[in-house]
Amino acid sequence: MSDPKLDGLVIPKHVGIIMDGNGRWAKKRALPRSVGHRFGAQNFRKITRYISNVGVEVLTLYAFSTENWKRPKEEVGALMKLFHQYLKDSLKDFRDDDIKVVFIGDKSAFDPQLVKLIQETEEVAKDRKGMQLNIAMNYGSRAEIVRAVKSICKDVAENNKDIDSITEADISDRLYTGGLPDPDLIIRTGGEFRLSNFLLYQSAYSEFYSTDVLWPDFNDLEFNKAVIEYNRRNRRFGGV
Ligand code: IPE
Ligand code: IPE
Ligand code: MG
């Protein structure tokens, strides 16, 4: 079911997307920022299906960062309402596409109803065999690394381990993405060239692609452009 435009191209195994630009999309239309988020959420469902159809194995989408709580109360409230509504409407979403939904980030900060919806969504999807969709919510990579370090310290203290035995794998296994391949390609919409605390440890050798297209307008054609550009990159991983 893969798109013929991608024939003969290497499809990245793990893609991360920083879904940025909802606010500017709304502003351009003289609409409130929350409307941009609503269109962004609709787009998320469409593009996720497309990406799963082209054969990507893991898709990690950045939906809400640990720093996004800084936004005005009304905007955070609108986003939380959207998460609630989205999850309620779509508990069975992605079933036909066999997509396994996993939430990464600190869930404890959300209200108990939302936490319950998150758990139910993960539960109904847990045995699916298709693409794994990680939705990063209240996710921040620095907090993720601190969490991994605490877990290692605990292990060292409780099991009397030698500190010199700690390896890179001990860290990566304890990240939310533990067991998954590192992202091959990270796409950012909205034109900025920064990671904004997304997958810092995992992206050591990721290819970065930035487009001016704002998230609600990012579609299958724009995704194809990113894959075509990815295929032009020469990934050396420090070698020659
Ligand atoms: C991304 O869009 C969505 C979230 C961060 C929740 P923004 O809301 O950051 O949109 P811009 O960057 O202000 O246009
Ligand atoms: C990054 O976008 C976070 C998400 C897309 C969820 P931001 O809009 O928060 O990033 P900055 O503030 O431009 O770095
Ligand atoms: Mg932004």
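Values quoted throughout were computed directly from the atomic coordinates according to the rules given, and no laboratory measurement underlies them. Predicted, not measured: the structure shown is a model, and the values here were computed from it. Here the Cβ is made from the backbone with ideal geometry for all residues, glycine too, and neighbour counts use every protein chain on show.
Decide, for region 86-240, between rounded, prolate and oblate: order the square roots of the alpha carbon gyration tensor eigenvalues as a ≥ b ≥ c, take rounded if a/c falls under 1.5, and otherwise choose prolate if a/b is larger than b/c, else oblate. It comes out oblate by the Cα gyration axes. Put the Cα centre of region 130-170 next to the Cα centre of region 33-97 and the gap is 26 Å. Only helices enter this figure: runs of n ≥ 4 DSSP H residues, each worth -39500 (n - 2.57), summed and divided by the residues of the chain, yield -13000 deg cm²/dmol at 222 nm to the nearest 500. At a Förster radius of 22 Å, what calculated FRET efficiency corresponds to the Cβ-Cβ distance of His84 and Arg29, to the nearest 0.05? Given R0 = 22 Å and the Cβ-Cβ separation, E is 0.35. Placing dummy labels 7 Å off each Cα toward the beta-carbon, the span from Leu221 to Glu168 is 4.0 nm. Membrane-span-like helices of the chain, defined as complete DSSP H segments with a Cα extent of 27 Å or more along the helix axis and a mean Kyte hydropathy of at least -1.0, are identified as 33-53. Among the trypsin sites (Lys or Arg not before Pro) in region 89-177, those placed in a DSSP loop whose Cβ has at most 11 other Cβ atoms within 10 Å are Lys92, Lys126, Lys129. From most to least packed by mean Cβ count within 10 Å, the peptides 194-201, 66-73 give 194-201, 66-73. Exceeding 26 Å between C-alpha atoms, which entries from my cross-link table qualify? They are Lys70/Lys92; Lys100/Lys161; Lys13/Lys116; Lys46/Lys92. Cα-Cα > 26 Å for Lys70/Lys92; Lys100/Lys161; Lys13/Lys116; rest within. Along the Cα-to-Cβ line of Glu75, 7 Å from the Cα, sits a label point; which residues in region 2-22 have backbone N less than 13 Å from it? Under cut-off, by backbone N: 20-22. Ordering 224-234, 163-173, 33-43 by mean Cβ neighbour count within 10 Å, with the highest value first, yields 33-43, 224-234, 163-173.
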